[in-house]
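Visitor: Take this structure, written in structure tokens, and hold onto it; I'll ask about it next.
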Amino acid sequence: MTNHPQLPDGAFITKSASDLPVITCTSRSSSYQLLLQGAQLLSWAPSHHFDVVWLSPHAQIIPGKSPRGGTPICWPWFGPASSSNLPAHGLVRAQAWIFEGYSRDTSDTDTLHFSTSTSPATTPDWPHCATLNLTYRIGPTLGITLETLNTGESPFSITEAIHTYIGVNDARSIEIRGLENSTYLDRLQEDNRFVQQGAISISGETDRIYVSNSQPCNIVDPEAKRIIQITTEGSQSRVVWNPWIEKGLKLGDLGTDDYLRMVCVECGNVSDNAVVVEPGNTHRMHIEYSVLPL
Ligand code: TA6
């Protein structure tokens with residue numbers, strides 16, 4: 001891919017086995033890979049840490065598919081589509097984005113900016129005029145900002161999430177804190193609603209949408225001696241997912257034990273927290289990931 005912004009030192013474009021361009025970068029502060037298709041960060045590891053943003057060793061990096069892992073961008077809907085002929089998790093997580101800019105600051109943090117747009121002509125399955133701006137700030141911490149601008153004449157409603165796969169030492173030994181006393185829809189129990197009692201631990205297939213919670217989330221990983229802290233702005237929902245053994249094998253792009261190496265803690269606006277964007281207005285969602293010692 002030649003028409004991209006100038007890359008900073010330590011960053012270069014590699015090609016996946018199916019010839020998709022991937023930015024690979026190692027700097028003083030972190031290492032990361034970012035797939036230009038879908039503007040999807042595939043992995044991120046601050047210096048001296050193993051991957052915080054995790055990619056399945058069996059991920060398929062092929063045209064038109066969002067690889068298993070990283071930060072798939074779910075927009076303008078989260079989860080199954082209204083119609084079976086449309087993809088789950090929206091229209092943009094495996095499509096071409098415009099790579100707008102790349103810069104590095106003095107703390108060795110890289111800022112990468114992507115955009116895409118929709119309109120009745122280009123996305124008839126979602127016939128609204130919108131521009132989507134996505135900015136990654138990648139360094140000792142990771143910041144992701146997703147801005148939706150309504151460029152049309154009428155309001156539209158979206159649901160959205162950054163579907164982040166977090167690397168853990170063993171999913172059976174972690175705790176997810178910050179969602180206590182929140183209401184969640186259990187996707188494994190016909191979306192029935194429950195209230196979270198205490199911290200979340202993973203001991204089987206887990207698929208829950210927490211609504212109306214904008215609190216920081218901490219993924220406490222005692223075996224890795226680290227806490228992954230997630231804070232957000234403009235996000236009222238969290239999703240916690242682990243496929244566990246049987247679902248993990250069915251997916252086809254997770255290895256036998258990979259379900260133990262990851263947990264999805266996703267932030268967005270889902271279900272009750274759908275967002276209406278008025279003409280000319282911008283909805284902004286920001287998610288920040290930090291690694292704290294345990
Ligand atoms: O975020 C959890 C979830 O909605 C699960 O229900 C599961 O479908 C997961 O997303 C993965 O979806 P994908 O389409 O990427 O296989």
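Visitor: Counting only residues that are among the β-branched types (Val, Ile, Thr), more than 30 Å from ASP108 (Cα to Cα) and not in a strand (DSSP E or B), how many does segment 128-186 have?
Guide: Here the count works out to 3.
Visitor: Look at segment 36-56 and say how many of its residues are of a type in the set (Val, Ile, Thr) and either over 19 Å from ASP108 (Cα atoms) or in a strand (DSSP E or B) (or both).
Guide: Within segment 36-56, residues that are of a type in the set (Val, Ile, Thr) and either over 19 Å from ASP108 (Cα atoms) or in a strand (DSSP E or B) (or both) number 1.
Visitor: Does any residue of segment 149-156 turn out to be small (Gly, Ala, Ser), at pLDDT 95 or above and within 21 Å of GLY268 (Cα to Cα)?
Guide: The answer is no, given that none of the residues of segment 149-156 is small (Gly, Ala, Ser), at pLDDT 95 or above and within 21 Å of GLY268 (Cα to Cα).
Yes/no matrix, rows are residues, columns are (1) out of contact with any Phe, Trp or Tyr (no Cβ under 8 Å at 6 or more places or on another chain); (2) without any contact (Cβ under 8 Å) to a residue 24 or more places away in the chain; (3) within 15 Å of the ligand (Cβ to nearest atom):
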{"position": "SER30", "(1), (2), (3)": "no, no, no"}
{"position": "LEU36", "(1), (2), (3)": "no, no, no"}
{"position": "PRO46", "(1), (2), (3)": "yes, no, no"}
{"position": "HIS49", "(1), (2), (3)": "yes, no, no"}
{"position": "VAL52", "(1), (2), (3)": "no, no, no"}
{"position": "LEU55", "(1), (2), (3)": "no, no, yes"}
{"position": "SER66", "(1), (2), (3)": "yes, no, yes"}
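Visitor: Okay, next question. If I filter segment 88-119 down to residues being within 16 Å of the ligand (Cβ to nearest atom) and hydrophobic (A, V, I, L, M, F, W, C), which single residue comes out as surrounded by the most Cβ atoms within 10 Å (Cβ to Cβ)?
Guide: VAL92
Visitor: Considering only residues of segment 231-270 that are within 10 Å of the ligand (Cβ to nearest atom) and among the acidic types (Asp, Glu), which is surrounded by the most Cβ atoms within 10 Å (Cβ to Cβ)?
Guide: Once the filter is applied, the top-ranked residue is GLU266.
Visitor: Got a number for residues in segment 105-131 being of a type outside the set (A, V, I, L, M, F, W, C) and farther than 19 Å from LEU86 by Cα?
Guide: 10
Visitor: Is one or more of the residues making up segment 211-226 acidic (Asp, Glu), away from the ligand (no atom under 14 Å from the Cβ) and free of Cβ contacts under 8 Å to residues at least 24 places away in the same chain?
Guide: The answer is no, given that none of the residues of segment 211-226 is acidic (Asp, Glu), away from the ligand (no atom under 14 Å from the Cβ) and free of Cβ contacts under 8 Å to residues at least 24 places away in the same chain.
The values are calculated or read from the model by the stated rules, or taken from the named source; none is laboratory data. Here the structure is a predicted model, which means the values were calculated and not measured. Here the Cβ is made from the backbone with ideal geometry for all residues, glycine too, and neighbour counts use every protein chain on show.
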